[in-house]
Every structure is written in C-alpha cells, then in structure tokens.
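Enquirer: Quick one: structure below, then a few questions.
The values are calculated or read from the model by the stated rules, or taken from the named source; none is laboratory data. Note that the coordinates shown come from a computational prediction; the quantities given were computed from them, not determined experimentally. Positions of Cβ are backbone-derived with ideal geometry, glycine not excepted, and every protein chain shown enters the neighbour counts. Just the protein is used for accessible areas: all its heavy atoms, side chains included, with ligands, DNA and RNA removed. Shrake-Rupley method; radii C 1.70, N 1.55, O 1.52, S 1.80 Å.
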Amino acid sequence: ASVQGFSDLLRVRMGESISLNCSMTNRYEIAWYHLRSEQQLDLLISAEKGESGRRLLTNYNLNSIRLKLTADTWVTRATLVISGVTASDSGLYFCGTKSDAPEMFFDKPIRLEIE
C-alpha cells in the first residue's frame, strides 16, 4: 500500500517535456534524484549557487541533452526540465537542497507516470 499524499502525481504523454520545481530560498546546493525502481536510484543533476548568489552552476548532469536546470533571477526557485520523456523516465523524483548545515533537505517527491 502506498501512503496517500506521499508524492505529487504528474501524468504526461510520451515525448512531452516536463518542468519540476524546487524551492531554493536560503539554500545553496541542489540535487535531483530519480528513483526508477527499488533497485535503482540515479543522481540526475546537481548544482550550486555562484558567488553572487544569482546564478546556478551545474556541477553534474547525467544527460545534458535531455536535462536542464534553470532558476529565477534570485535563485529562489530551481526548475528541472526533462525533454522528450520516455517510459524509463517514470518513477519518483526527489529534489534535495542544502543550506549551511551538512544534511540535505528533501521536498515532497513527484511521481511521474507516462501515458
């Protein structure tokens, strides 16, 4: 049984592009993870704020053709754009962020279902 309300559900059609948002207020680092199955957790992309705090610098990208991380002017919100989704993109997406503390804070995951 899955926990009601554990994740937000996003249903899209094959080939569409999706945008997943994550709050970056008072956070300096971000990482997006994709849980495909119980056996496979992938780090998709990670980034940190530049010195000015007004840019997000990507330091890891699993698939730079399909994955892009954008942010608003003051980097209060980061958006992961995945283009051309396929069946293998379905699963849970977790956004982790860090402030000064060493631990990572996770938002509510997003469950992606492909039609």
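Enquirer: Has the stretch 85-106 got any residue that is modelled with pLDDT of 95 or more, in contact with a Gly (Cβ under 8 Å, 6 or more places away or on another chain), over 26 Å from Phe6 (Cα atoms) and assigned to a loop (DSSP other than H, G, I, E, B)?
Expert: There is no residue in the stretch 85-106 that is modelled with pLDDT of 95 or more, in contact with a Gly (Cβ under 8 Å, 6 or more places away or on another chain), over 26 Å from Phe6 (Cα atoms) and assigned to a loop (DSSP other than H, G, I, E, B).
Enquirer: Still on this structure: Restricting attention to the stretch 1-53, and to residues there that are part of a strand (DSSP E or B) and among the acidic types (Asp, Glu), which single residue is farthest from Thr97 (Cα to Cα)?
Expert: Top of the filtered list is Asp8.
Enquirer: Applying the selection to the stretch 25-53, what residues are open to solvent by 40 Å² or more (accessible area, probe 1.4 Å) and of a type in the set (Val, Ile, Thr)?
Expert: If the condition is that a residue be open to solvent by 40 Å² or more (accessible area, probe 1.4 Å) and of a type in the set (Val, Ile, Thr), then Thr25 is the only one that fits.
Enquirer: Could you please give the count of residues in the stretch 54-68 that are closer than 21 Å to Ser17 by Cβ, open to solvent by 70 Å² or more (accessible area, probe 1.4 Å) and either in contact with a Cys (Cβ under 6 Å, 6 or more places away or on another chain) or part of a loop (DSSP other than H, G, I, E, B) (or both)?
Expert: 3
Enquirer: Now, a different point. Any residue at all in the stretch 96-114 that's open to solvent by 30 Å² or more (accessible area, probe 1.4 Å), within 23 Å of Val12 (Cα to Cα), of a type outside the set (Gly, Ala, Ser) and touching a helix residue (DSSP H, G or I) at 6+ places or on another chain (Cβ under 6 Å)?
Expert: Yes - at least one qualifying residue is present in the stretch 96-114.
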